[in-house]
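J.: To start, I am sharing the structure in question, which I have written as structure tokens.
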Amino acid sequence: MRITLAFLLLSVSDVGVTTQPAPIRLIVQADDLGAAHGINVASLQAYTDGIVRTANVIVPAPWTPEAVALLRDHSDLDAGVHLAITSEWSAIKWRPLTTAPSLVDARGYFFPMVWPNDKLPAKSSLKENAPRLDEIERELRAQIEYATREIPQLTYTWNHMGFDALAPEVRALTGRLTKEYGLVTPLDLGVQFADQIYDGADTGAAKAAKLAAKLEGLGPGTWLIVDHAATDTPEIRAIGHPGYENVAADRSAVLEAWTSAAVKEVVRRRGIVLTNYRALLYDHKQP
């Protein structure tokens, strides 16, 4: 009897300390909505048929009204404002919402690049043109205010082409404005980048296989994948800049990977939780 009782007590104790495995959370973020119709519809498809759980909008870009309408129709899709003070494509451009002489070229468009690029003429970057901090602030405020007014589920800011690395004061400015408008920056939420997954020249099948393999190896934690989806259509084939001419092939391959049955099977089998920044914020607020 004594042995049996001891065994029962040990069993109860073991049950009491059993813990569930730490979850694997994955945020897949689609960038650049607003830049093209093919980007808008592909990003939405990657949400409805695939693993994307958040998307962001370049407010000054030409297809922003459509992007906003799509987000309003899918209010459960987490959204961000993709703060932009560059316009990189050669055949399609956007301008600031505000008067910002130090941020634009002679035609009034944002400069293509943040940093000098030897494939472009001199003075084609922000860095070469001494952008004024007060003009950057006015423009970013205008973009955030438009986004918060038009997109009800807006959660976060994300900086296009990493322009916040221009100077410490620019980085401080984007962080301050994000907080002022009640938004977050994803890196404040403890996410880890799941990068170096595939190459830009990979086919859709190759990208899907490499993404599935990456997801097989993810450990516990909150992981972030950031990329761009688009359709392989004449519109997107016309988009590019020196050094990146295969935009349609690259980004339509990303769409194929994000909607791949093999990728979704790994997510299901491993119990990977597809999530977004809004859900993370809710979790952080729970007692």
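The values are calculated or read from the model by the stated rules, or taken from the named source; none is laboratory data. Here the structure is a predicted model, which is why all the values come from computation and not from measurement. When we count neighbours, we look across all protein chains shown, and the Cβ atoms used for this are built from the backbone with ideal geometry, even at glycine. Each accessible area value is taken on the protein alone, full model and side chains, heavy atoms only, with ligands, DNA and RNA left out. Shrake-Rupley method; radii C 1.70, N 1.55, O 1.52, S 1.80 Å.
Results for (1) open to solvent by 10 Å² or more (accessible area, probe 1.4 Å); (2) outside any helix (DSSP H, G or I), shown as yes or no for each residue.
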| residue | (1), (2) |
| --- | --- |
| I85 | no, yes |
| L97 | yes, yes |
| S102 | yes, no |
| A122 | yes, yes |
| P131 | yes, yes |
| I136 | no, no |
| E139 | no, no |
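J.: Same structure again: Return the only residue of V266, V273 being under 15 Å from G50 (Cα atoms) and in contact with an Asp or Glu (Cβ under 7 Å, 6 or more places away or on another chain). If you could, list the steps in order and put the result at the bottom.
T.: Values: V273 fails: in contact with an Asp or Glu (Cβ under 7 Å, 6 or more places away or on another chain).
Selected residue: V266, the only one of V266, V273 that is under 15 Å from G50 (Cα atoms) and in contact with an Asp or Glu (Cβ under 7 Å, 6 or more places away or on another chain).
J.: Is it the case, given these coordinates, that R107 is open to solvent by 60 Å² or more (accessible area, probe 1.4 Å), part of a loop (DSSP other than H, G, I, E, B) and within 19 Å of D31 (Cα to Cα)?
T.: On the way: open to solvent by 60 Å² or more (accessible area, probe 1.4 Å): yes; part of a loop (DSSP other than H, G, I, E, B): yes; within 19 Å of D31 (Cα to Cα): no.
No, not satisfied.
J.: If I filter the range 154-162 for residues that are in a helix (DSSP H, G or I), closer than 23 Å to V28 by Cα, open to solvent by less than 60 Å² (accessible area, probe 1.4 Å) and modelled with pLDDT under 95, do I get at least one hit?
T.: Pass one, the range 154-162, residues in a helix (DSSP H, G or I): 160-162.
Those left that are additionally closer than 23 Å to V28 by Cα: 160-162.
Imposing the further condition that a residue be open to solvent by less than 60 Å² (accessible area, probe 1.4 Å) reduces the set to 160, 162.
Pick out the ones that are also modelled with pLDDT under 95 and you get none.
No, every residue in the range 154-162 fails to be in a helix (DSSP H, G or I), closer than 23 Å to V28 by Cα, open to solvent by less than 60 Å² (accessible area, probe 1.4 Å) and modelled with pLDDT under 95.
J.: Right, I51: among the hydrophobic types (A, V, I, L, M, F, W, C), modelled with pLDDT of 95 or more and open to solvent by less than 10 Å² (accessible area, probe 1.4 Å) or not? If you could, list the steps in order and put the result at the bottom.
T.: On the way: among the hydrophobic types (A, V, I, L, M, F, W, C): yes; modelled with pLDDT of 95 or more: yes; open to solvent by less than 10 Å² (accessible area, probe 1.4 Å): yes.
Spelling it out, I51 is indeed among the hydrophobic types (A, V, I, L, M, F, W, C), modelled with pLDDT of 95 or more and open to solvent by less than 10 Å² (accessible area, probe 1.4 Å).
J.: Could you list, ordered by first residue, the pairs with Cβ atoms under 6 Å in which the first is in the range 187-198 and on the phi < 0 side of the Ramachandran plot and the second is open to solvent by 80 Å² or more (accessible area, probe 1.4 Å), at least 6 apart or interchain?
T.: I197/K210; Y198/K210
J.: Could you list, ordered by first residue, the pairs with Cβ atoms under 7 Å in which the first is in the range 240-262 and open to solvent by 30 Å² or more (accessible area, probe 1.4 Å) and the second is among the basic types (K, R), at least 6 apart or interchain?
T.: Filtered contacts from the range 240-262: P242/K119; G243/K119; E256/K207.
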